[in-house]
1. In terms of the Cα gyration tensor, with a ≥ b ≥ c the square roots of its eigenvalues, is segment A:3-302 rounded because a/c is under 1.5, prolate because a/b exceeds b/c, or oblate?
2. Could you pull out the pairs from A:Lys119/A:Lys313; A:Lys251/A:Lys321; A:Lys88/A:Lys239; A:Lys119/A:Lys251 whose alpha carbons sit more than 31 Å apart here?
3. Output wanted: per-residue J couplings in Hz (rounded whole) for segment A:63-70, from phi through Karplus 6.51 cos²θ - 1.76 cosθ + 1.60, θ = phi - 60°, x for Gly and Pro.
4. Expected output is a single nm value to one decimal: the length gained when fully extending between A:Lys251 and A:Ile166, i.e. 0.36 nm times separation in residues minus the C-alpha distance. What is it?
5. Which FRET efficiency, nearest 0.05, do A:Asp142 and B:Val163 yield, Cβ-Cβ r, R0 51 Å?
6. How much length is gained on full extension from B:Glu370 to B:Val216, taking 0.36 nm per residue of separation minus their Cα-Cα distance?
7. Relative contact order for chain A: what is it in percent, counting Cα pairs under 8 Å that are at least 6 residues apart?
8. Could you line up B:Met256, B:Met313, B:Met296 from fewest to most neighbouring Cβ atoms inside 10 Å?
Amino acid sequence: MDTYQLIILLLDATLRTSTPLILAALAGMFSERSGTINLALEGMMLGGAFSAAAVAFYVGSPWVGLLAAIATTIGLSLLHGFACITHKGNQVVSGMAINILMSGLTALVGIALFAQGGKTPALDKASRFQPITFPGAEAFRDVPVLGPIYSELLSGHNILVYVAFIAVPAAWWVMYRTRFGLRLRAVGENPGAVDTAGIGVVAMRYRAVICSGVLVGMSGAYLSTAQGASFLQDMTAGKGYIALAAMVFGKWRPFPALAACLLFGFLDAAATRLQGVVLPGIGEVPVQLVQALPYVLTVILLAGFIGRAIPPKALGRAYVKER
Amino acid sequence: MSKTVELPRWIDVGVLPFLNLLLALIVSGLLVVAIGENPVEVVEILLYGAFGYEEAWGYTLYYTTNFIFTGLAFAVAFHCGLFNIGAEGQAYVGGLGVTLAALYLDFLPFPIMLVVSMLAAMIFGAAWSYIPAYLQARRGSHVVITTIMFNFIASSLMVYLLVNVLRPEGSMTPESEQIAEHLRLPFIHDIAGALGIEMASSPLNLSFVYAIVISVMVWLFIWHTRWGYAIRTVGANAVAATYAGLEPGRFIIIAMMISGALSSFMALNEVMGVQHRLLIDFTAGYGFVGIAVALMGRNHPFGIFLAALLFGMLYQGGAELSFEIPTISNDMVVVIQGLVILFTGAMEHMFRPRVTKIYTAWRLRQDAGEAA
């Protein structure tokens, strides 16, 4: 296999590994731009992945599974909102609680329903999202240079991959070009001003966490019904936190967050392929280093060495209406 | 009349946490019913598994030891207004310090090793928490995110070290060599045996005594020393602290390093006391349980002890439970843990308005009765 082919395959894998990160990072962005810290992405993703796989198994349709995932994550988002927005509880603690709760609950319910040690039964073809082949992908395959890009890289992914990439400009448009987006960003920066303008801060923040729930639900469903074929215990394996890191790395903005997700996805894809590979002059690549790189980069960014990441001003603070 | 009376301390630190805990347990009970098991039976097995026989006590207190350390770690940082989510990583790196000391300084006699291993754990744990602390104090990066990142970095680093450096030659399992027998922390049943008291064997070891002593020291430190006062002041109001002549950044770093050192004591229990070598992921989520323990214990060492005992009971009883009722796995304990954090931590204010109302009404009626 020549180098060009290898690069195409690596980029192809990057698209697949970054999809759940993109959806979850956008989810985090909606929540955090409105002022609610969302550390619960990991747990919500896990909950979404479980619901999608379990429902898709019973119903036999990935679409119903997707809806179930989104319903689950909206429910969890509302729980998070109930604790943080209504009861002004600590947002970090609530997020950690949901992560721990879902880690246990998905396994517990999985064992109770399927008795397979926390897994869900393997899904057949009809109950998973299948790759979509673009028209003419086979015909163009042999065209030099552009052929592989079209038929390998762009074609042949499942619908959620394309949804994730369309979601980025869509999120940008909502966030920066609609009244809803303006208000959403405003409650995250200066809720007092929004309140003065006669817009309910609490209602706005709830709407924002619901948006967050819809997006993170899709990312969960992707893991268990598109990329994988069943739910596995703790299958998110820190992806929720990587998405969070990508969101911070992207400075709470859609396109930079996309870039961060692609970078982290690429590192993930590369780490899998570098396992045990001996590079000339370097020796065996320490895979763990590549795996830790997203976290290291995020810390360096947060330390202010690569530009400045400034969070929304009212992030983490519940709004107390003056009496 | 919308006058409200301030809640007395016994309601604030007693009744409210109890109500929250009760709610968490009721929801857990409903889950058990939903799975199709009998919650009363579950509670019976849980209690028997945790306290029903001598060995069970040993296991319960062994888990309690870990939770006391990680709970204290979270609490000290919390008094400074910081969320140290990184106990997991700090304890993991602390374990590296302990293991290195025990493997490479194995010529030391046992009493010196007691001190050296403790110092090694503290230095490694504190060093690992220093970086996020420094970044928070001097560069304003949020400690929650950085400590989460540092957990993952620690995990990758340790896998690398265990696979490539610490693994003995010829071994396939990624774990360090065994620690020499004479350096290990003695088990409580061995100590008791030497004193002529017969005890069932369990992993409970000397580090439980450390946990008690350190709890008292943390209490003294937080409430009866200058630094403890400064840490609480910075935590309560960093701006006021600055006006009082305290430099918040300095105490943020101090509190975080103490927090990291406290979490790393968990490694003494696990590495020196029980496993006798460094294992992959030996921290097993104990660091995260520390958050629940500290929140439930209202960040006070005595409360932390009680909460740690509760979680020790859940862990040991939960293990028994998964033997007896196969549909209920250890994950039930994780669920309860999540619910406890949710209700006693995130939703701690849920009952406050209602309780305040009831208490106010009661007080006013009493006052009126006295006046008449």
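Readers should treat all values here as calculations from the given coordinates under stated rules, not as data from a laboratory. Because the structure is a prediction, the values reported are computed rather than measured. Cβ coordinates were reconstructed from backbone atoms using ideal geometry, including for glycine residues, and neighbour counts include every protein chain displayed.
1. Taking the square roots of the gyration eigenvalues as a ≥ b ≥ c, segment A:3-302 is prolate.
2. Details: A:Lys119/A:Lys313 41 Å; A:Lys251/A:Lys321 28 Å; A:Lys88/A:Lys239 27 Å; A:Lys119/A:Lys251 36 Å.
The pairs that break the limit, which is 31 Å between Cα atoms, are A:Lys119/A:Lys313; A:Lys119/A:Lys251.
3. 5, 5, x, 4, 4, 4, 4, 5
4. Values: separation 85, 0.36 × 85 = 30.60 nm, distance 1.98 nm.
This chain segment gains 28.6 nm when fully extended.
5. Numbers: r = 43 Å, r/R0 = 0.84.
With R0 = 51 Å, the Cβ-Cβ based efficiency is 0.75.
6. Taking 0.36 nm per residue and subtracting the Cα distance, the gain is 51.2 nm.
7. Details: 590 pairs, mean separation 109.5, N = 323.
The normalised contact order for chain A reaches 34 percent.
8. Details: B:Met256 29, B:Met313 23, B:Met296 26.
If I rank by nearby Cβ atoms, fewest first, I get B:Met313, B:Met296, B:Met256.
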